[in-house]
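Trainee: Handing you this structure, nothing more for now.
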Amino acid sequence: MTFLPRDQVLSLEEIQLIAQAFVELGVDKIRLTGGEPLVRRDVMSLFQSIGALPGLKNFCLTTNGSQLVKYAEQLKQSGINRINISLDSLNPLLFHSLTRIGHLDKVIEGVDAAITAGIEHIKLNAVILKGRNDQEVLALVEFARDRGIDISFIEEMPLGAISSHNRAETYFSSDDILTAIKQVYPLERSTLNTGGPSAYWSMPNSSSKIGLISPHSHNFCGDCNRVRVTVEGKLLLCLGNENAVDLKQIVRDNNGDMDILKHHIILAMNNKPKEHHFGVDGEVQVVRFMSMTGG
């Protein structure tokens, strides 16, 4: 993996400035994600400054879980009240194969550290691939149930060209996941709405919710109110489209002027697309990978 030169990425101060602009414009939910945000030097200062923004109601983190044993308590103190943790397999060898560098035991310790720290909402995210980890759907549900946390199953998003597998052959739909779970647990559609792409289901005798993120089988664009700022400062109005606004350049060209920054953000919202057009036939419409997107 090649890292970008420092001057091509937003500084922590620039990230905080952009977050402040969004909150002042009425946004009340911010999520830090990656890559893995917790490996960035001095990142806890960013969590503390964003967590202190007046008007912010939901402060969220998406993480691979590897650093949670170290940071869970500090994250709680900084104001984080929602954590999503990537967990695609409970088989150590398969987990390592899917993540390429991950160690399952460290992630599970991180999940438990977040629970112990008292993070209010904890959810697992699992990307399910047919023939790779689809046989683990029920085991992952049981893992979440045992800990009283939620889990979302995600159809693989066709971002970036890959050679490791054929997306059409490994496609496992949300409907397939529902069928597998319903063999053991009756499911009832939940009214829970987090303002994101997940459709949620509840199970009897459990506080855990099951989320389904279905970019292929059930286009969720009509309910999506999210935008993303990449580590390079590009404001992405949709993950499935390449149109973007360079907030980093706007901040640097105008010495961090808050009014100018907010003006450009407002203008950008008019270009948020109505839908994406993901497919599983091998055609890639968006060449960047999720790991390159960040935000």
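Trainee: If we scan the range 150-162, do we find a residue that is among the aliphatic types (A, V, I, L, M), at pLDDT 75 or above, closer than 18 Å to Leu124 by Cα and part of a strand (DSSP E or B)?
Mentor: Yes, there is a match, as at least one residue in the range 150-162 is among the aliphatic types (A, V, I, L, M), at pLDDT 75 or above, closer than 18 Å to Leu124 by Cα and part of a strand (DSSP E or B).
Trainee: Taking helices (runs of 4 or more DSSP H) that do not extend beyond the range 1-85, which have at least 1 residues that are among the small types (Gly, Ala, Ser) and surrounded by fewer than 16 Cβ atoms within 10 Å (Cβ to Cβ)?
Mentor: Output list reads 43-51.
Trainee: Taking the range 32-65, which residues are on the phi > 0 side of the Ramachandran plot and under 17 Å from the mean Cα position of the chain (by Cα)? Full working, then the answer.
Mentor: If we filter the range 32-65 for residues that are on the phi > 0 side of the Ramachandran plot, which is where we start, we get 35, 42, 55, 65.
Of everything in the range 32-65, those that are on the phi > 0 side of the Ramachandran plot and under 17 Å from the mean Cα position of the chain (by Cα) turn out to be Gly35, Gly65.
Trainee: Further question: Need pairs with beta-carbon distance below 8 Å; first residue farther than 12 Å from Ala180 by Cα and in contact (Cβ under 8 Å) with a residue 24 or more places away in the chain and within the range 120-141, second of a type in the set (S, T, N, Q) and part of a helix (DSSP H, G or I); sequence gap 6+ or separate chains.
Mentor: Leu129/Thr170; Lys130/Thr170; Gly131/Thr170; Arg132/Thr170
Trainee: Also: If you scan the range 86-109, which residues turn out to be touching a Lys or Arg at 6+ places or on another chain (Cβ under 9 Å) and assigned to a helix (DSSP H, G or I)?
Mentor: Within the range 86-109, Leu94, Ser97, Leu98 qualify.
Trainee: A follow-up question, please. Ser97 is checked against (1) in contact (Cβ under 8 Å) with a residue 24 or more places away in the chain; (2) farther than 29 Å from Val227 by Cα and fails just one. What number does that condition carry?
Mentor: For Ser97, the exception is condition (1).
Trainee: Test Ala139 against the stated conditions and say whether it is of a type outside the set (Asp, Glu), surrounded by 21 or more Cβ atoms within 10 Å (Cβ to Cβ) and either at pLDDT 95 or above or assigned to a loop (DSSP other than H, G, I, E, B) (or both).
Mentor: no
Trainee: Consider Gln285 carefully, then state whether it is polar (S, T, N, Q) and modelled with pLDDT under 70.
Mentor: When the stated conditions are applied, Gln285 passes them.
Trainee: Being part of a helix (DSSP H, G or I), out of contact with any His (no Cβ under 9 Å at 6 or more places or on another chain) and modelled with pLDDT of 90 or more is the filter here; which residues of the range 163-188 pass it?
Mentor: Across the range 163-188, the qualifying residues are Asp176, Ile177, Leu178, Thr179, Ala180, Ile181, Lys182.
Trainee: Let me ask something else. Could you please give the count of residues in the range 189-200 that are within 19 Å of the chain's Cα centre (by Cα) and in a strand (DSSP E or B)?
Mentor: Qualifying residue count for the region: 2.
For every residue, the table says whether it meets (1) touching a strand residue (DSSP E or B) at 6+ places or on another chain (Cβ under 9 Å); (2) without any contact (Cβ under 8 Å) to a residue 12 or more places away in the chain; (3) more than 17 Å from Cys60 (Cβ to Cβ); (4) not small (Gly, Ala, Ser).
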| site | (1), (2), (3), (4) |
| --- | --- |
| Ser11 | no, yes, yes, no |
| Ile15 | yes, no, no, yes |
| Ala19 | yes, no, no, no |
| Ile30 | yes, no, no, yes |
| Glu36 | yes, no, no, yes |
| Ser45 | no, no, yes, no |
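Trainee: Anything in the range 64-83 that is farther than 14 Å from Ile115 by Cβ and either among the polar types (S, T, N, Q) or in contact with a Cys (Cβ under 8 Å, 6 or more places away or on another chain) (or both)? List them, or say none.
Mentor: Scanning the range 64-83 gives Asn64, Ser66, Gln67, Gln74, Gln77, Ser78.
Trainee: Now, a different point. Just one of (1) at pLDDT 90 or above; (2) surrounded by fewer than 19 Cβ atoms within 10 Å (Cβ to Cβ); (3) out of contact with any strand residue (DSSP E or B) (no Cβ under 7 Å at 6 or more places or on another chain) trips up Ser202, so point out which.
Mentor: Single failed check for Ser202: (3).
The values are calculated or read from the model by the stated rules, or taken from the named source; none is laboratory data. Predicted model only: the values in this text are computed from it and were never measured. Cβ sites come from the backbone with ideal geometry, for glycine too, and all protein chains shown count toward neighbours.
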